[in-house]
1. Keeping to segment 257-289, report how many residues are within 26 Å of Gly136 (Cα to Cα) and open to solvent by 10 Å² or more (accessible area, probe 1.4 Å).
2. Taking Ala337, is it open to solvent by 10 Å² or more (accessible area, probe 1.4 Å), over 27 Å from Pro109 (Cα atoms) and either assigned to a strand (DSSP E or B) or among the small types (Gly, Ala, Ser) (or both)?
3. What are the pairs, 6+ residues apart or on separate chains, where a residue within segment 380-391 that is closer than 16 Å to Asp346 by Cα and part of a loop (DSSP other than H, G, I, E, B) has its Cβ under 6 Å from a residue that is of a type in the set (A, V, I, L, M) and open to solvent by 20 Å² or more (accessible area, probe 1.4 Å)?
4. Please work out which residue is surrounded by the fewest Cβ atoms within 10 Å (Cβ to Cβ), limiting yourself to segment 173-201 and to residues that are in contact with a Lys or Arg (Cβ under 7 Å, 6 or more places away or on another chain) and either more than 25 Å from Arg527 (Cα to Cα) or not polar (S, T, N, Q) (or both).
5. If the requirement is being open to solvent by less than 30 Å² (accessible area, probe 1.4 Å), out of contact with any Leu (no Cβ under 9 Å at 6 or more places or on another chain) and either over 24 Å from Arg169 (Cβ atoms) or not in a helix (DSSP H, G or I) (or both), which of these qualifies: Ala74, Ala67, Ala59?
6. Collect the residues in segment 291-317 that are within 16 Å of Ile113 (Cα to Cα) and either open to solvent by 10 Å² or more (accessible area, probe 1.4 Å) or in a loop (DSSP other than H, G, I, E, B) (or both), keeping them in residue-number order.
7. With respect to Glu79, determine if the residue is open to solvent by 10 Å² or more (accessible area, probe 1.4 Å), out of contact with any helix residue (DSSP H, G or I) (no Cβ under 9 Å at 6 or more places or on another chain) and within 21 Å of Ala274 (Cα to Cα).
8. Scanning segment 82-104 for residues that are under 20 Å from His35 (Cβ atoms) and touching a strand residue (DSSP E or B) at 6+ places or on another chain (Cβ under 7 Å), which turns out surrounded by the most Cβ atoms within 10 Å (Cβ to Cβ)?
Amino acid sequence: MHRPFSKVLVANRGEIAVRVIRACRELGIATVAVHSDVDADSLHVRLADERYALGGQTAAESYLNTAAVLDALARSGAEALHPGYGFFSENADFARAITAAGVVFVGPPPAAIEIMGDKVSSRIAAEKAGVAGVPGTTEVLTCADQVVAFGEQCGWPVAIKAAFGGGGRGIRVVRSPEEVPAAFKSARSEALAGFGRAECYVEKYLTWPRHVEMQILADAHGNYLWLGERDCSAQRRHQKLVEEAPAPDFPDDLRRAMGEAAVRVARACGYINAGTVEFLYDPPGDFWFLEMNTRLQVEHPVTELTTGIDLVVEQLRVAAGEPLRLTQAEVACRGHAIECRINAEDPTGGRFLPSPGTITALVAAGGPGVRWDAGYQAGDEVPPFYDNLVGKLVVCGADRTTAIARMVRALGETKIQGIATTIPAHLAILAHADFRAARHSTRWVEERLDLAGVVVPQAAPAAGPPCPAAEVEVGGRWYTVPRFTNAVEAAAQRGVAASAPPSGRRGTKSAGSRGSSGTVISPMQGRIVKVLVEVGDRVVVDQPVCVIEAMKMESTLTAERAGTVLEVAVTPGQAVRADEVVVLIGDGDTTEEAR
């Protein structure tokens, strides 16, 4: 195969670093890994030809340390740098620093990143290209009062969003003026921690939209392609859980209109390389520009499986100045692909709390039409400092029904021990009648999918031996989930109620639980962001007492009982372990409790 570069540095970690390293190896390109102290023996480091330490533990100390990355780049002699996704992938200043060092940045020009990386300026650019956006502001917010004014004018709820960044972080949905001050402060805090920029804007929060995005590819010779859409509507906390291509129940004329709109947006900013234009789709026919992600997407494998195009290879070729090898007429999408993001999170009760730790066992699914893209192997540590993606389970089939059946089978075969994962939630999503009928939306998981008592469809085989089943646990309750085969898929219409735990098995306590003594404990290893109470304060049930950050997500810990705060055992910025006491609540006042 043609080798566009001799050596590439991958400025990332985990699954995406592994993905890029493997693509480079197939092209005969030497690879360079960079790593934090906690990632010194991680999978991407083990696979690379060279490795350089960045130092530190947190993202700011390591993967977001421009000077350390540039030093590794200079020492390695790499000709190009691939940023992956997250971290510096959408940072125009970083891209400029790379090109100023005489190294090729595998991504769009810095000017395009600047226009589209800022969600405010991207809305303006899209509107100039004739692509309407979701109603919202086109100026960065300077105070909470601006959010209140927008909500009063356009109606509640509204969404405060990070102007720089993605991945669902730095977003707060606000349903009333009273919620605005805290939400505005929290969104800015999370945006600053995740992307190094605190700027936010506000837009109307649509009632029941689907999230449909269009993959585009462009070269430096003026050629632009749209490679089909992906439906990413199954989300929690504005972060995707399940993605599929093509979008279900999506007419061809709408597909063409969205693809052409995506190309217009890309042309408007002089875009080059792979990118994704995201839309909110309101069936049956309206769609609005949401944002453009100026990088490779986590869910790119479903597009690869349906088009046969290796997007990472194309990224490298385009970055080397080569023209695209396809025309729009030659792009053909076949079959149906589904991706499940297997995250280190505990979905108990729909809370999706981060679950860092050591993977004691990992057996990935295999068989026809199954792909496993992972950043970890058995024995590896999933640290609390970065994204919680363990791996991506991707399947393809002749049609959506086949793909769903294959994914259910593959999820049942995938065994990960030592940490909690989102696999039980994926099984519940795929089995639900709303998902199968494409009646879900971006708000469906959090508002309608009951992970504590979901009814799971049970197949009734038409003929042949019984369909093998897997048992999964969600919220301390056990469910029988069939591993569907094509022969019984059409008959999977009847449901069975949740069963009691099988004999000898006990359900968990929900993650982040508080004992009856009033002890509020940390459900995970992480860092205290805010402490919301003081000794002597009176609290009520479910009142927030502190905010903890782990795996780039903020979680609020609340009081399980009413009473008086007897002790606050943590301070902002403090690192805490899982099950560590953070706040103690008792009866009466502090003096009486002490006696």
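1. Here is the first cut: in segment 257-289, the residues within 26 Å of Gly136 (Cα to Cα) are 257-271, 275-289.
If we keep only those that are open to solvent by 10 Å² or more (accessible area, probe 1.4 Å) as well, we get 257, 260, 263-264, 267-270, 280, 282-288.
Matching residues across segment 257-289 total 16.
2. Numbers: open to solvent by 10 Å² or more (accessible area, probe 1.4 Å): no; over 27 Å from Pro109 (Cα atoms): yes; either assigned to a strand (DSSP E or B) or among the small types (Gly, Ala, Ser) (or both): yes.
Taking the combined requirement at face value, the residue does not satisfy it.
3. Pairs that qualify, where the first residue is closer than 16 Å to Asp346 by Cα and part of a loop (DSSP other than H, G, I, E, B) and the partner is of a type in the set (A, V, I, L, M) and open to solvent by 20 Å² or more (accessible area, probe 1.4 Å), are Pro383/Val38.
4. Let us first name the residues in segment 173-201 that are in contact with a Lys or Arg (Cβ under 7 Å, 6 or more places away or on another chain), namely 183, 186-187, 190-191, 194, 198, 200-201.
After this cut, where a residue has to be either more than 25 Å from Arg527 (Cα to Cα) or not polar (S, T, N, Q) (or both) as well, the list is 183, 187, 190-191, 194, 198, 200-201.
Values: Ala183: 21, Ala187: 27, Glu190: 24, Ala191: 23, Gly194: 24, Ala198: 17, Cys200: 29, Tyr201: 23.
So the residue we want is Ala198.
5. Working: Ala74 fails: open to solvent by less than 30 Å² (accessible area, probe 1.4 Å); Ala67 fails: open to solvent by less than 30 Å² (accessible area, probe 1.4 Å).
After applying the criteria, what remains is Ala59.
6. So the first thing to find is which residues in segment 291-317 are within 16 Å of Ile113 (Cα to Cα), and the list is 291-297, 315.
Passing the criteria: Glu291, Thr294, Arg295, Leu296, Gln297.
7. Numbers: open to solvent by 10 Å² or more (accessible area, probe 1.4 Å): yes; out of contact with any helix residue (DSSP H, G or I) (no Cβ under 9 Å at 6 or more places or on another chain): yes; within 21 Å of Ala274 (Cα to Cα): yes.
Here the answer is yes, as Glu79 does meet what is asked.
8. Only one residue tops the list, namely His82.
The values are calculated or read from the model by the stated rules, or taken from the named source; none is laboratory data. Just so we're clear, the structure is a prediction, and the values are computed from it rather than from any experiment. In this analysis, Cβ positions are derived from the backbone assuming ideal geometry, glycine residues included, and neighbour counts consider all displayed protein chains. Ligands, DNA and RNA are stripped out before the accessible areas are found, and what is left, the full protein with its side chains, is counted by its heavy atoms. Shrake-Rupley method; radii C 1.70, N 1.55, O 1.52, S 1.80 Å.
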